[in-house]
1. Residue by residue through the range 46-80, note down the ones that are touching a helix residue (DSSP H, G or I) at 6+ places or on another chain (Cβ under 7 Å), open to solvent by 40 Å² or more (accessible area, probe 1.4 Å) and modelled with pLDDT under 90.
2. Looking at the range 85-103, is at least one residue among the polar types (S, T, N, Q), open to solvent by 60 Å² or more (accessible area, probe 1.4 Å), closer than 18 Å to Cys131 by Cα and touching a residue at least 24 places away in the same chain (Cβ under 8 Å)?
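The values are calculated or read from the model by the stated rules, or taken from the named source; none is laboratory data. Note that the structure is predicted; figures quoted are calculated from it, not measured. Note that each Cβ is placed from the backbone with ideal geometry, even for glycine, and that neighbours are counted across all protein chains shown. These area figures cover heavy atoms from the full protein model, side chains too; ligands, DNA and RNA do not enter into them. Shrake-Rupley method; radii C 1.70, N 1.55, O 1.52, S 1.80 Å.
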Amino acid sequence: MQPYVFCSLKKLTVPTIYPEPLSNLVTELREHICSFCTPGQLASLSLTNRGWTEPAERELYRNIYLCQHSDKDESFDLCVRTLAESTKKARLVRFLWAHLLGSDPESTDKHIGGLVVALKFMANLLSLSFCLKTQQQNDKHVYFLEEALK
């Protein structure tokens, strides 16, 4: 006796994919929407959708405010490293404000070195404000920054 095999074929339906309505907005509207976002929201938005990456990053990197309160502050290093490694993002920077309050000379040298590298790629920089308050003032820091701006 042969076993019976039951087989049923169902018609498979493929869902229709509709484009997101927000992706269809013109660039000017996306840029205007980005102007209301916080830096955290802009960072998330830039990773969400390719159509939003450019306007979100343009707004995110337009004005950079860096303040290093301690030698263990990693956010300063992370931002400077991002700008030094991505020439595209560095070119978006128009205004840079950096405030270093380090007490460790080695750490301060590292921060200044990172800023010097990043500054070389900031071709569209309009304004730079830099404040260095350390226990040991060193003229070489000023020299390196001046050379980067030439």
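1. Residue satisfying the conditions is Asp71 alone.
2. Going residue by residue through the range 85-103, those that are among the polar types (S, T, N, Q) are 86-87, 103.
Imposing the further condition that a residue be open to solvent by 60 Å² or more (accessible area, probe 1.4 Å) reduces the set to 103.
Retained after the next criterion (residues that are closer than 18 Å to Cys131 by Cα): 103.
Now restrict to residues that are touching a residue at least 24 places away in the same chain (Cβ under 8 Å): 103.
Yes, the range 85-103 contains at least one residue that is among the polar types (S, T, N, Q), open to solvent by 60 Å² or more (accessible area, probe 1.4 Å), closer than 18 Å to Cys131 by Cα and touching a residue at least 24 places away in the same chain (Cβ under 8 Å).
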